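K.L.:
Sharing a structure below in structure tokens format, with a few things to ask.
The values are calculated or read from the model by the stated rules, or taken from the named source; none is laboratory data. As the structure is a prediction and not an experimental result, all values here were calculated from the model. Note that we place each Cβ from the backbone using ideal geometry, even for glycine, and neighbour counts take in every protein chain shown.
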Amino acid sequence: MPFSATEFDREIELYFRLVHHESVIDIGTGEGKYGRMLRRVQANTRLIGVEHDADYVEQYKLRDLYDEVWVSDAAELMNELDRNFDAVIIGDCIEHMRKSIGLDLLNFLVYRSKIITVKFPLQMLQNAWQGHKSEAHVSVWSEHDFRGMDYLFAERNFICLVIIRGYLNQTMEWLPPAVMQHFGYANMAEFYTKDPSRLSVADVESRRENWSLSEIRRIIPSGATYILVDELQTRLADIAHCRSLPFLESNGQYWGCPEDDQQAIREIERLRKSGCTHIVFAWPAMWWLDHYTGLHRHLESGYRCVLKNERLRVFDLRS
């Protein structure tokens, strides 16, 4: 049927009220329920509808509701290798796909979106409906199918909701507290704390940064100023207990890579004399120590390396 169960509609709408997206793709639009909801709460969002059944496009005037309507099998999305979608809705549709296609599609979309919302029924019998063969249920889904992803799962009245963090969403706070409270959690921190195994699929960059921030806090004194070499590719500068300067820097702003070893050494010594206590090389800039061999020798011979791992290399400039 081209209609969707009402379970979890309130939670889905709340999320889209709180989090704005530039584009949303609705896979299996049916009669356009989610398109109408999105028009209410995000009037300026670009809406793309994917509907396999051309009759529904005309019957429910979907072209008047969505900015784009693709009359195609959802599997054809996987040909759009260079296209991203902020948010994806797959509402009461995935059970209409062959299991292999549904799994492939989820794996494809998780790399190209910030969030994916999937809703499906449990053990609901359905064949072709009023001549529409695409309405038949052909695959079985359960929480197990999403285990390799960073997801939230809920079941209500034999309807399941899965909210998946897409890899474009590089944070561990990817659902607002107001949404999490509908599922029994105060916030995302509590969600991960209650089941630490979930951390294994949480955002890689956030985990790496959290570990690194803990190490920096342990090594660098409160109130100190240190040099951060990360090419502005991390969020480590946000640490509250001390101040970081980018490297190279000019008036506190990032100034790019050194021309040569001599410039790098000269600038480090200038900043050390101005009061910087440490220099921290983060993973995006670890290549500097291989490329600027003279700089590396200068640091190794003159200062103590107080931390060396795959994420950070830290030298104490006070020694």
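K.L.:
From GLU51, GLU76, GLU80, which residue is of a type in the set (Asp, Glu), at pLDDT below 95 and surrounded by 20 or more Cβ atoms within 10 Å (Cβ to Cβ)?
P.N.:
GLU51
K.L.:
Residue under question is THR225, and the condition is that it be closer than 30 Å to GLY275 by Cβ, polar (S, T, N, Q) and touching a Lys or Arg at 6+ places or on another chain (Cβ under 6 Å); does it hold? Break it down stepwise before answering.
P.N.:
Details: closer than 30 Å to GLY275 by Cβ: yes; polar (S, T, N, Q): yes; touching a Lys or Arg at 6+ places or on another chain (Cβ under 6 Å): yes.
Yes: the conditions hold for THR225.
K.L.:
If a residue must be in a loop (DSSP other than H, G, I, E, B) and closer than 24 Å to ALA136 by Cβ, how many such residues does region 53-84 contain? Give the derivation first.
P.N.:
Initially, region 53-84 is screened for residues in a loop (DSSP other than H, G, I, E, B), giving 53, 60-61, 66-67, 71-73, 80-84.
Now drop any that are not closer than 24 Å to ALA136 by Cβ, which leaves 53, 60, 71-73.
Here the count works out to 5.
K.L.:
Could you list all residues from region 1-20 that are assigned to a loop (DSSP other than H, G, I, E, B), under 25 Å from the mean Cα position of the chain (by Cα) and buried (at least 20 other Cβ atoms within 10 Å of the Cβ)?
P.N.:
If the condition is that a residue be assigned to a loop (DSSP other than H, G, I, E, B), under 25 Å from the mean Cα position of the chain (by Cα) and buried (at least 20 other Cβ atoms within 10 Å of the Cβ), then PHE8 is the only one that fits.
K.L.:
Pairs needed: first member in region 252-263, in contact (Cβ under 8 Å) with a residue 24 or more places away in the chain; second member anywhere, of a type in the set (Val, Ile, Thr) and not in a loop (DSSP other than H, G, I, E, B); C-beta distance under 9 Å; at least 6 residues apart or different chains.
P.N.:
Close Cβ pairs satisfying both conditions: PRO258/ILE265; ASP261/THR293.
K.L.:
Would you check which residues across region 179-188 are among the hydrophobic types (A, V, I, L, M, F, W, C) and either within 13 Å of LEU152 (Cα to Cα) or outside the structural domain of MET149 (by the TED database) (or both) and list them?
P.N.:
Correct list: VAL179, MET180, PHE183, MET188.
K.L.:
Consider HIS144 against the criteria (1) without any contact (Cβ under 8 Å) to a residue 60 or more places away in the chain; (2) touching an Asp or Glu at 6+ places or on another chain (Cβ under 9 Å): it satisfies all of them except one. Which criterion is unmet?
P.N.:
Status for HIS144: all satisfied but (2).
K.L.:
Taking into account only those residues within region 21-37 that are over 15 Å from LYS114 (Cβ atoms) and not charged (D, E, K, R), which is surrounded by the most Cβ atoms within 10 Å (Cβ to Cβ)?
P.N.:
In this case the residue turns out to be THR29.
K.L.:
Please indicate, with yes or no, whether at least one residue in region 85-100 is more than 19 Å from ILE25 (Cα to Cα), assigned to a helix (DSSP H, G or I) and modelled with pLDDT under 90.
P.N.:
At the first step, the residues of region 85-100 found to be more than 19 Å from ILE25 (Cα to Cα) are 98-100.
Cutting the leftovers down to assigned to a helix (DSSP H, G or I) gives us 99-100.
Now drop any that are not modelled with pLDDT under 90, which leaves none.
No, every residue in region 85-100 fails to be more than 19 Å from ILE25 (Cα to Cα), assigned to a helix (DSSP H, G or I) and modelled with pLDDT under 90.
K.L.:
Can you name the residue in region 149-176 that is under 9 Å from the mean Cα position of the chain (by Cα) and surrounded by fewer than 18 Cβ atoms within 10 Å (Cβ to Cβ) and, of all such residues, is nearest to PHE191 (Cα to Cα)?
P.N.:
THR171
K.L.:
Can you tell me which of (1) of a type outside the set (Phe, Trp, Tyr); (2) closer than 30 Å to TRP174 by Cβ; (3) surrounded by fewer than 16 Cβ atoms within 10 Å (Cβ to Cβ); (4) in contact with a Phe, Trp or Tyr (Cβ under 9 Å, 6 or more places away or on another chain) is the one SER319 doesn't meet?
P.N.:
With (1) of a type outside the set (Phe, Trp, Tyr); (2) closer than 30 Å to TRP174 by Cβ; (3) surrounded by fewer than 16 Cβ atoms within 10 Å (Cβ to Cβ); (4) in contact with a Phe, Trp or Tyr (Cβ under 9 Å, 6 or more places away or on another chain) applied to SER319, the lone miss is (2).
K.L.:
Follow-up. Answer yes or no as to whether ASP104 is surrounded by 13 or more Cβ atoms within 10 Å (Cβ to Cβ), in the same structural domain as ILE27 (by the TED database), in contact with a strand residue (DSSP E or B) (Cβ under 8 Å, 6 or more places away or on another chain) and among the acidic types (Asp, Glu).
P.N.:
No, not satisfied.
K.L.:
Right, something else. Just the residues that are under 18 Å from CYS93 (Cα atoms) and among the basic types (Lys, Arg), please, taken from region 9-43.
P.N.:
Answer for region 9-43, where residues must be under 18 Å from CYS93 (Cα atoms) and among the basic types (Lys, Arg): LYS33, ARG36.
K.L.:
Pull up region 214-254, narrow it to residues that are among the small types (Gly, Ala, Ser) and surrounded by 14 or more Cβ atoms within 10 Å (Cβ to Cβ), then point me to the one that is nearest to the chain's Cα centre (by Cα). Full working, then the answer.
P.N.:
Keep residues of region 214-254 that are among the small types (Gly, Ala, Ser), which gives 214, 222-224, 237, 240, 244, 250, 252.
From the residues that got through so far, the ones that are surrounded by 14 or more Cβ atoms within 10 Å (Cβ to Cβ) too are 224, 237, 244.
Numbers: ALA224: 32, ALA237: 20, SER244: 26 Å.
Among those that are among the small types (Gly, Ala, Ser) and surrounded by 14 or more Cβ atoms within 10 Å (Cβ to Cβ), it is ALA237.
K.L.:
Can you tell me which of ALA224, ALA237, ALA264 is in the same structural domain as TRP288 (by the TED database) and touching an Asp or Glu at 6+ places or on another chain (Cβ under 8 Å)?
P.N.:
Exactly one of ALA224, ALA237, ALA264 is in the same structural domain as TRP288 (by the TED database) and touching an Asp or Glu at 6+ places or on another chain (Cβ under 8 Å), namely ALA237.
K.L.:
For region 21-49, how many residues meet the condition of being in contact (Cβ under 8 Å) with a residue 60 or more places away in the chain, β-branched (Val, Ile, Thr) and in a loop (DSSP other than H, G, I, E, B)?
P.N.:
Qualifying residue count for the region: 0.
K.L.:
Give me the pairs: first residue in region 50-73 and in contact (Cβ under 8 Å) with a residue 40 or more places away in the chain, second residue surrounded by fewer than 16 Cβ atoms within 10 Å (Cβ to Cβ) and part of a helix (DSSP H, G or I), beta-carbon distance under 6 Å, and six or more apart or on different chains, which are they?
P.N.:
Hits for this filter: VAL69/ARG63.
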